[in-house]
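Chemist: What follows is a single structure, and I will ask about it in a moment.
The values are calculated or read from the model by the stated rules, or taken from the named source; none is laboratory data. Keep in mind the model is a prediction, meaning the values are calculated, not measured. Reconstructed Cβ throughout: ideal geometry from the backbone, glycine too, with neighbour counts over all protein chains shown. In case anyone asks, the SASA skips ligands and DNA or RNA and just uses the protein heavy atoms, side chains included. Shrake-Rupley method; radii C 1.70, N 1.55, O 1.52, S 1.80 Å.
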Amino acid sequence: MEKKGSLSINSENIFPIIKKWLYSDHDIFIREMISNGCDAITKLKKLALMGDYEETEGEEYKIDVYASAKDKTLTFVDNGIGMTGEEVEKYINQIAFSGATDFINKYKDKANSDQIIGHFGLGFYSAFMVADKVTIETCSYKKDAKPVFWECDGGTNYEMSESDDDTRGTAITLYLNEDSYEFANEYRVKEVIEKYCSFMPYNIYFINEDKEAEEAEKKAEEDKKKVVEVDTSDEDELIGDVKKEKTAGTDKADDKASDKEEKKEPEKKPLNNPHPLWTKNPKDCTEEEYIDFYQHLFLDFKKPLFWIHLNMDYPFNLKGILYFPKINTQYDQLEGKIKLYNNQVFVADNIKEVIPEFLLLLKGVIDCPDIPLNVSRSALQNDGFVKKISDYITKKVADKLTGMCKNEREEYEKYWDDISPFIKFGCVRDEKFDDKMKDYMIYKDLNDKYITLPDYLEEGKEKYEGKVFYVTDREVQARYIEMFKNEGMNAIFLEHNIDNPYITHLEAKNENVKFMRIDADLSENFVGDKLTEEQTKEYTDKLTELFKKATGKDKLTVKPESLKDENISSMITIGEEQRRMADMMRAYSMDGMNPFGEQAETLVLNVNNALVKYLLENPEGDLSNDICCQLYDLASVANKPMNAEQLNGFVTRSNKLLKLLIK
């Protein structure tokens, strides 16, 4: 069977076979080798199902990975379908002729192709990215098939002959090049298998050939230490060539005891889980299994909030689990992770074409054998099919959330603070998602109850028709919150970074609704008897002159008001539009418009307050300057932190005024 020849390229499948650039990550060759082994086993199992092959009872289908740091080799052994000499010619010697495709075409009326991983026939050649030489020993399942040995040094020349190993299956040995010796290291190989092959459909075992050789050598040395004595006394009868052996210093009873105490070899454990949770029926999965799977896969020992189990067979095959993690940081610092698999073979993290952008904050797995991949199975090809998958995932998430709101409202409210950034971002970015979710958006109000936007507007139509007051910082705006509560007014909490664009989105969708931060322009609900025009002008002129002189702020706007609560002395308000513009400028690193600058702030003074009355009656009083500065600082501190100079002045002045109380 001796034969020599040159590799040929199939004219119908010409690809740029450049071993250095075929795959973006060189470690991916391990995935390709193991995937080929899985394909070989899958083909054999399908043949058995069709009655074309009789399986051996109790046989375990598996892939063994052997590594030798000493010999700088890596070997992949499967007990799958194997190949005949003709098939080696067809599938190996003709580059880019896919054995998987040929098998599917041959048995397309009998076999389901979903579990066949290979498509391009190039996976095998990834071996030459790391190897100077590659050998194949293979024997087909077919009766009387002759085993084949194939060898290639990375060029276009190969050698092919009959092998003496007639074990069914295929063994591929890579003789690693100098730059790739790392892949002969046990821990490096296991790391790559963990990365790409954790959930491949058949057990994967790792064997360290160097350790096995050391253990065999050690055992041989121990055997040599045993002294074999041959008893030749007259009392012993020798029959033929049979000799009685004894271990020095022991008797037969000791021999039997040592046999019983002989340690059993530890059972080998596979490196992968062939039956990951997403492949099971959701009805067969427990809450503990979902949580364990999440914590193991993402090394996150916090429990996820909840999850969505995807299980679709038509019009495309898609399975997976999406987890909603608990959010502990601001939106722009979050990073989820969606792992994409193709028939349980890892492809990549966070493929944006498949997962809607707003769901990339989630964690989970998606397994879709129908997904169109590029030649190296490392990225998606542009395809309208991908958009359909993305739309399906969006729909399933929306269905889960709306179902929870309808049927598990208490749970929905419990999770709302954590999941609302996902939902709001989705509403802003995806119109279809927004249409599904708009009636199920809830907001926490000042009474710590969740309320919908229509309910809020209906509740406050007499006091603030068409206005939605909101809180962005419950501590900084605590004074305003108390004012609202005392007046019987309500507001909602919008404290997340995503809420700025979300408010704009809501106003665009609801033309007659205006959102105003709780510390924006003062609501008329807080005003008692309105000042006359003459009073307003008189108080404005007096107080403006006093405060500009005391504070040194020439552009300060002073507004006298007759507030119902006489305990409120002063407040600073910032116009909603002006503040939003300043926020936007700040977001783009354009700090020229400071919302608390002289041009932006309005100082509201309550003419019913005793301190303000004192200033109106005693503009030239000894304490007037100090009271003006104190009232300005008291109003300012409710809106922003003081700088060092302002804080020092405030503390010194407070001490001065307090001393006057004890004189």
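Chemist: Would you call V365 modelled with pLDDT of 60 or more, open to solvent by less than 30 Å² (accessible area, probe 1.4 Å) and under 11 Å from the mean Cα position of the chain (by Cα)?
Modeler: Working: modelled with pLDDT of 60 or more: yes; open to solvent by less than 30 Å² (accessible area, probe 1.4 Å): yes; under 11 Å from the mean Cα position of the chain (by Cα): yes.
So V365 fits the description; yes.
Chemist: Moving on. Could you list, in sequence order, the residues of segment 614-658 that are touching a residue at least 60 places away in the same chain (Cβ under 8 Å), crowded, with 17+ Cβ neighbours inside 10 Å and within 23 Å of D473 (Cα to Cα)?
Modeler: Selection gives L631, Y632, L634, A635, S636, N639.
Chemist: What's the number of the only condition in (1) in a loop (DSSP other than H, G, I, E, B); (2) at pLDDT 90 or above; (3) of a type in the set (S, T, N, Q) that Q535 fails to meet?
Modeler: The number of the failed condition is (1).
Chemist: Residues in segment 603-613 that are without any contact (Cβ under 8 Å) to a residue 60 or more places away in the chain and within 21 Å of V637 (Cβ to Cβ): how many? Before you say what the answer is, go through the steps one by one.
Modeler: Keep residues of segment 603-613 that are without any contact (Cβ under 8 Å) to a residue 60 or more places away in the chain, which gives 603, 606, 609-611, 613.
Restricting the remaining residues to those that are within 21 Å of V637 (Cβ to Cβ) gives 603, 606, 609-611.
Counting residues in segment 603-613 that are without any contact (Cβ under 8 Å) to a residue 60 or more places away in the chain and within 21 Å of V637 (Cβ to Cβ) gives 5.
Chemist: How many residues are surrounded by 15 or more Cβ atoms within 10 Å (Cβ to Cβ) and in contact (Cβ under 8 Å) with a residue 40 or more places away in the chain if we restrict to segment 529-564? Before you say what the answer is, go through the steps one by one.
Modeler: As a first pass, look at segment 529-564 and keep what is surrounded by 15 or more Cβ atoms within 10 Å (Cβ to Cβ): 531, 536, 539-540, 542-544, 546-548, 550-551, 553, 556-564.
When the remaining residues are screened for being in contact (Cβ under 8 Å) with a residue 40 or more places away in the chain, the result is 531, 539, 542-543, 546-547, 550-551, 553, 556-564.
Residues in segment 529-564 being surrounded by 15 or more Cβ atoms within 10 Å (Cβ to Cβ) and in contact (Cβ under 8 Å) with a residue 40 or more places away in the chain: 18 in total.
Chemist: To continue, here is another question. Within segment 344-353, how many residues turn out to be surrounded by fewer than 23 Cβ atoms within 10 Å (Cβ to Cβ) and either aromatic (F, W, Y) or in a loop (DSSP other than H, G, I, E, B) (or both)?
Modeler: Total satisfying the criteria: 5.
Chemist: If Y456 meets every condition in (1) assigned to a helix (DSSP H, G or I); (2) more than 36 Å from the chain's Cα centre (by Cα); (3) not β-branched (V, I, T) apart from one, which number is that one?
Modeler: Against the list (1) assigned to a helix (DSSP H, G or I); (2) more than 36 Å from the chain's Cα centre (by Cα); (3) not β-branched (V, I, T), Y456 comes up short only on (2).
Chemist: Something else now. Could you list, ordered by first residue, the pairs with Cβ atoms under 6 Å in which the first is in segment 178-207 and within 17 Å of Y61 (Cβ to Cβ) and open to solvent by 30 Å² or more (accessible area, probe 1.4 Å) and the second is small (G, A, S) and at pLDDT 95 or above, at least 6 apart or interchain?
Modeler: none
Chemist: Give the residues of segment 411-435 that are within 14 Å of A508 (Cα to Cα) and touching a Ser or Thr at 6+ places or on another chain (Cβ under 9 Å), sorted by residue number.
Modeler: Scanning segment 411-435 gives a single hit, V428.
Chemist: Could you say whether any residue in segment 465-473 is polar (S, T, N, Q) and either within 23 Å of I355 (Cβ to Cβ) or loosely packed, with under 14 Cβ neighbours inside 10 Å (or both)? Quick ask: steps written out before the conclusion?
Modeler: Here is the first cut: in segment 465-473, the ones polar (S, T, N, Q) are 472.
Those left that are additionally either within 23 Å of I355 (Cβ to Cβ) or loosely packed, with under 14 Cβ neighbours inside 10 Å (or both): none.
Within segment 465-473 (the criterion being polar (S, T, N, Q) and either within 23 Å of I355 (Cβ to Cβ) or loosely packed, with under 14 Cβ neighbours inside 10 Å (or both)), the answer is no, since none of the residues qualifies.
Chemist: Can you list residue pairs whose Cβ atoms sit under 6 Å apart, with the first residue in segment 485-496 being open to solvent by 40 Å² or more (accessible area, probe 1.4 Å) and the second being among the aromatic types (F, W, Y) and part of a strand (DSSP E or B)? Count only pairs 6 or more apart in sequence or on different chains.
Modeler: none
Chemist: Another question, if that's okay. Among the candidates K72, K90, K62, single out the residue that is at pLDDT 90 or above, within 25 Å of S161 (Cβ to Cβ) and open to solvent by 20 Å² or more (accessible area, probe 1.4 Å). Spell out how you get there, then give the answer.
Modeler: On the way: K90 fails: at pLDDT 90 or above; K62 fails: within 25 Å of S161 (Cβ to Cβ).
Being at pLDDT 90 or above, within 25 Å of S161 (Cβ to Cβ) and open to solvent by 20 Å² or more (accessible area, probe 1.4 Å) holds for just one of K72, K90, K62, which is K72.
Chemist: Now a separate question. Out of (1) farther than 18 Å from S68 by Cβ; (2) among the hydrophobic types (A, V, I, L, M, F, W, C); (3) not in a loop (DSSP other than H, G, I, E, B), what's the single condition that is false for I136?
Modeler: (1)
Chemist: Out of everything in segment 517-530 that is part of a loop (DSSP other than H, G, I, E, B) and within 38 Å of the chain's Cα centre (by Cα), what residue ends up being modelled with the lowest pLDDT? Spell out how you get there, then give the answer.
Modeler: Taking segment 517-530 and keeping what is part of a loop (DSSP other than H, G, I, E, B), we get 518-523, 528-530.
Now drop any that are not within 38 Å of the chain's Cα centre (by Cα), which leaves 518-519.
Values: I518: 87, D519: 81.
Across segment 517-530, the extreme among qualifying residues is D519.
Chemist: Going through segment 565-595 one residue at a time, which ones are open to solvent by less than 50 Å² (accessible area, probe 1.4 Å) and either at pLDDT 80 or above or more than 39 Å from the chain's Cα centre (by Cα) (or both)?
Modeler: I568, S569, S570, M571, I572, T573, I574, G575
Chemist: Additional query: When the residues of segment 283-315 are narrowed to those that are part of a helix (DSSP H, G or I) and among the acidic types (D, E), which ends up nearest to D417 (Cα to Cα)?
Modeler: Initially, segment 283-315 is screened for residues part of a helix (DSSP H, G or I), giving 283-284, 287-298.
When the remaining residues are screened for being among the acidic types (D, E), the result is 284, 287-289, 292.
Working: D284: 30, E287: 22, E288: 24, E289: 25, D292: 24 Å.
So the residue we want is E287.
Chemist: Another question about this same structure. Taking the options K432, K406, K396, K438, name whichever one is closer than 17 Å to L322 by Cβ and surrounded by fewer than 19 Cβ atoms within 10 Å (Cβ to Cβ). Explain how you work it out, then say what you get.
Modeler: Numbers: K432 fails: closer than 17 Å to L322 by Cβ; K406 fails: closer than 17 Å to L322 by Cβ; K438 fails: closer than 17 Å to L322 by Cβ.
Going through K432, K406, K396, K438 in turn, just one is closer than 17 Å to L322 by Cβ and surrounded by fewer than 19 Cβ atoms within 10 Å (Cβ to Cβ): K396.
Chemist: Could I ask something else about it? Only one of E289, E229 is modelled with pLDDT under 50 and farther than 30 Å from D71 by Cβ; which? Reasoning before the result, please.
Modeler: Details: E289 fails: modelled with pLDDT under 50.
Testing whether each residue is modelled with pLDDT under 50 and farther than 30 Å from D71 by Cβ leaves just E229.
Chemist: Which residues, taken from segment 23-55, are of a type in the set (A, V, I, L, M, F, W, C) and in a helix (DSSP H, G or I)?
Modeler: First pass over segment 23-55, keeping only residues of a type in the set (A, V, I, L, M, F, W, C): 28-30, 33-34, 38, 40-41, 44, 47-50.
If the condition is that a residue be of a type in the set (A, V, I, L, M, F, W, C) and in a helix (DSSP H, G or I), then I28, F29, I30, M33, I34, C38, A40, I41, L44, L47, A48, L49 are the ones that fit.
Chemist: If you don't mind, there's one more thing I want to ask. Checking K143 against (1) in a helix (DSSP H, G or I); (2) exposed (fewer than 15 other Cβ atoms within 10 Å of the Cβ): exactly one of these is not met. Which one?
Modeler: (1)
Chemist: In segment 146-162, what residues are assigned to a strand (DSSP E or B) and in contact with an Asp or Glu (Cβ under 6 Å, 6 or more places away or on another chain)? Steps first, answer last, please.
Modeler: Let us first name the residues in segment 146-162 that are assigned to a strand (DSSP E or B), namely 148-152, 157-162.
Passing the criteria: F149, E151, E159, S161.
Chemist: Do we find a residue being touching a strand residue (DSSP E or B) at 6+ places or on another chain (Cβ under 9 Å), modelled with pLDDT of 85 or more and of a type outside the set (S, T, N, Q) anywhere in segment 376-393? Explain how you work it out, then say what you get.
Modeler: Pass one, segment 376-393, residues touching a strand residue (DSSP E or B) at 6+ places or on another chain (Cβ under 9 Å): 377-381, 386, 389, 392-393.
Next cut, modelled with pLDDT of 85 or more only: 392-393.
Among the residues that remain, those that are also of a type outside the set (S, T, N, Q) are: 392-393.
Within segment 376-393, one or more residues are touching a strand residue (DSSP E or B) at 6+ places or on another chain (Cβ under 9 Å), modelled with pLDDT of 85 or more and of a type outside the set (S, T, N, Q).
Chemist: Let me ask something else about it. Condition first: in a helix (DSSP H, G or I) and open to solvent by less than 40 Å² (accessible area, probe 1.4 Å). Now tell me which residues in segment 497-516 satisfy that. Talk me through it step by step, then tell me what you get.
Modeler: Of segment 497-516, the ones in a helix (DSSP H, G or I) are 499-509.
Listed by number, the residues that qualify are D499, Y502, I503, H505, L506, E507.
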